[in-house]
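Every number here is computed from the coordinates shown, using simple stated rules; none is lab data. Computed from a predicted structure; not experimentally measured. Every residue, glycine among them, receives a Cβ derived from its backbone with ideal geometry; neighbour counts consider all protein chains shown.
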Amino acid sequence: MNTLKTIFLMGILSSLMIIVGNYFGGKSGLILAFLFAIATNIFAYWFSAPMALSMSRAQPIAREQAPELYRIVEHLAQQAQIPVPTVYFIPSDSPNAFATGRDPQHSSIAVTRGILDLLTSEELEAVLAHELGHVKNRDILISTIAAVFAGVVTTLAHWGMYMGTGSYDDRDSRPNPIFLLLMMIAAPVAASLINLAISRSREYEADATGAKICGHPMALASALAKIEALAEQIPMTSANPAISSLYIVKPQAGSWLINLMSTHPPIPDRIKRLEEMNYLLDKN
């Protein structure tokens, strides 16, 4: 199903490029747009994960720097029966984590300094199990591609507002009205593409899968409550809004664009489901 969603999303974006190319450039524009669409899709498939990691300012972390983190990830990967993902570190005090990659064989997990400082070993294990749940459920490719495409669309529209009006840094420059309108249209469209491609059920599914992998639903519930509480106090201001859907909890709050792009179900609802799951486990 996620493979079909990926193909569908790429097809929509390719069609939009070709239509725009044909409208502005006729037959020549159509051909150029078609070639550009092919190149974009190939690039998105192979490089969307590195782009997401770059947009989050994640850096590889060596085993010597985080032996406990590596131990947990390797243990959980063995439990989930998937390859061990590459481990990344995000230098942010806001607690969060995400997984990315095109398939389980080419996956990565990124964690912030804040989440390592905040959680107990059991809670951290539960969070990492949730992220491995995304990997095991194979929803990381569509999530990453949708997020990166949304970022590209809104960034290009934002840059375009100042085309032909002077330097971007020029205080006297005024936004190009045509691209200002484009920005007003592009941002909601980008958000809609994310919500079209990524249903909120993926977080519920990753919670359930992660709880089964680590065997401690309430540890994940406790971790989610802690992360949400501290994330509100220390928002991840450096996080690119376009990739907010990748994180275990929404990294930012407040702006209409971020709220529009949110694909996260409410934390209380996720905790309630984990409590129900724990009750059933105890009952059995």
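Per 0.36 nm of contour for each residue apart, how much would the distance between Ala225 and Phe47 grow if the chain were fully extended, relative to their Cα-Cα spacing?
Working: separation 178, 0.36 × 178 = 64.08 nm, distance 3.31 nm.
Extra length from Ala225 to Phe47 when fully extended: 60.8 nm.
If r is the Cβ-Cβ distance from Arg113 to Lys212 and R0 is 35 Å, what FRET efficiency results, to the nearest 0.05? Don't skip to the answer; put the middle values down first.
Working: r = 28 Å, r/R0 = 0.80.
Working from the Cβ atoms, E equals 0.80.
Rg and Dmax of the stretch 52-141, using alpha carbons, in Å: what are they?
Both quantities, over Cα of the stretch 52-141: 11.8, 31 Å.
Would you list, by chain and number, the lysines whose Cα falls below 28 Å from the Cα of Lys136, excluding same-chain residues fewer than 8 positions away?
Lys5, Lys212, Lys226, Lys250, Lys272, Lys283
Sort 110-117, 266-273 by the packing proxy (mean of other Cβ within 10 Å over each peptide's residues), most packed first.
Numbers: 110-117: 21.0, 266-273: 15.9.
In decreasing order of mean packing, 110-117, 266-273 become 110-117, 266-273.
Rank the residues His134, His75, His216 as a footprinting-exposure proxy: fewest other Cβ atoms within 10 Å of their Cβ go first.
Details: His134 25, His75 16, His216 20.
The fewest-first ordering by Cβ neighbours comes to His75, His216, His134.
Whose amide H sits under 5 Å from the amide H of Ser94, counting only residues 5 or more places off or on another chain, with H placed in the peptide plane?
Long-range HN contacts for Ser94: Gly114.
Can you give the % of DSSP beta bridges in the stretch 11-141 that are antiparallel, to the nearest 5? Mind showing how you got there, number by number?
On the way: 7 of 12 bridges.
Around 60 percent antiparallel, to the nearest 5.
Starting from the 7 Å offset along Cα-to-Cβ, what nm value, one decimal, do you get for the label separation of Ile31 and Ile19?
2.4
Test of understanding: what is the full-extension gain from Tyr204 to Lys272, defined as 0.36 nm times their sequence separation minus their Cα-Cα distance?
Working it through step by step, the gained length comes to 23.4 nm.
Would you order Phe47, Phe98 from fewest to most other beta-carbon atoms within 10 Å of each residue's own beta-carbon? Intermediate results must be reported in sequence, preceding the final value.
Working: Phe47 14, Phe98 30.
Going from least to most buried by this count: Phe47, Phe98.
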